[in-house]
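Trainee: Pasting a structure here, questions to come.
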Amino acid sequence: MSSLKGLLFSQFANDGLNDLIAEMQSKYQPKKGRRFNHNKITYEVSRPALKDNQIEFEISSKIPEDEVDDSNKMQVYFEEIKKNLANSGVKPESVEMENIVWDSKKETEKERDYVKLVYKYPLDELFDTQEVMKTYEEKPSGEDLENLPKASSAFTTQGKLVLQSVRHNIQSRGREHIEQLIGANDSVRASISN
């Protein structure tokens, strides 16, 4: 059974990832659902899941099939993305190549290969107690708290600041991961076109 802390953190992590998707869709070409397109590659951000007191989410990008047209080249492309990400700051928990068959209208099948990255964050790594207390102590007494998140289970200002921190940190870390994946795709595409 999930703890109240886990449920609240999951809710605010979801809000942070939703904010991230809106940000990416306004910055790049929006697509349906939780997806956006940049430089002819579709990216997607999953909803977060609470597993073993950790927030887990996935970021994926389509392998550009018009440039990588056979399974051997796709595997090479995937391995290059994997190598590129191994040198990045925060490494994903796992990097997988996933094959998805879309049959949205029940008329045609489209097979697509994706690079899927899984990230996991323990609940206690999603906020910094010292930062929360510093922010709390710097707030003038009686300051309007309208900007703090509304959560019926967070009764104190400090609790609301923690939830705000969770939301912000997930959005920020997700943005960093997307930028790393975009950079990896750009780098690998440049190397295969030469």
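The values are calculated or read from the model by the stated rules, or taken from the named source; none is laboratory data. Remember, it's a predicted structure, so these values are computed and weren't measured experimentally. Using ideal geometry, Cβ is built from the backbone for each residue, glycine included, and neighbour counts are taken over all protein chains shown.
Trainee: Kindly evaluate GLY6 against the criterion of being more than 10 Å from the chain's Cα centre (by Cα), outside any strand (DSSP E or B), under 23 Å from GLY159 (Cβ atoms) and not aromatic (Phe, Trp, Tyr).
Mentor: Considered against the rule, which asks whether it is more than 10 Å from the chain's Cα centre (by Cα), outside any strand (DSSP E or B), under 23 Å from GLY159 (Cβ atoms) and not aromatic (Phe, Trp, Tyr), GLY6 comes out as yes.
Trainee: If you go through segment 33-64 one residue at a time, how many are more than 12 Å from the chain's Cα centre (by Cα) and among the aliphatic types (A, V, I, L, M)?
Mentor: Taking segment 33-64 first, the residues more than 12 Å from the chain's Cα centre (by Cα) are 33, 36-42, 50-54, 62-64.
Retained after the next criterion (residues that are among the aliphatic types (A, V, I, L, M)): 41, 50, 63.
Count: 3.
Trainee: Kindly indicate whether GLU131 is modelled with pLDDT of 75 or more and over 18 Å from the mean Cα position of the chain (by Cα).
Mentor: Numbers: modelled with pLDDT of 75 or more: yes; over 18 Å from the mean Cα position of the chain (by Cα): yes.
Considered against the rule, which asks whether it is modelled with pLDDT of 75 or more and over 18 Å from the mean Cα position of the chain (by Cα), GLU131 comes out as yes.
Trainee: Based on this model, can you work out whether GLU137 counts as modelled with pLDDT of 80 or more, out of contact with any strand residue (DSSP E or B) (no Cβ under 8 Å at 6 or more places or on another chain) and farther than 16 Å from SER10 by Cβ?
Mentor: Details: modelled with pLDDT of 80 or more: no; out of contact with any strand residue (DSSP E or B) (no Cβ under 8 Å at 6 or more places or on another chain): yes; farther than 16 Å from SER10 by Cβ: yes.
Taking the combined requirement at face value, the residue does not satisfy it.
Trainee: Within segment 26-45, how many residues turn out to be part of a helix (DSSP H, G or I) and closer than 16 Å to LEU181 by Cα? Show your work before the answer.
Mentor: Of all residues in segment 26-45, those part of a helix (DSSP H, G or I) come to 26-27.
Then drop every residue that is not closer than 16 Å to LEU181 by Cα, which leaves 27.
Count: 1.
Trainee: Further, regarding this structure: Hey, among the residues in segment 151-194 that are at pLDDT below 80 and among the small types (Gly, Ala, Ser), which one's nearest to ARG35 (Cα to Cα)?
Mentor: SER193
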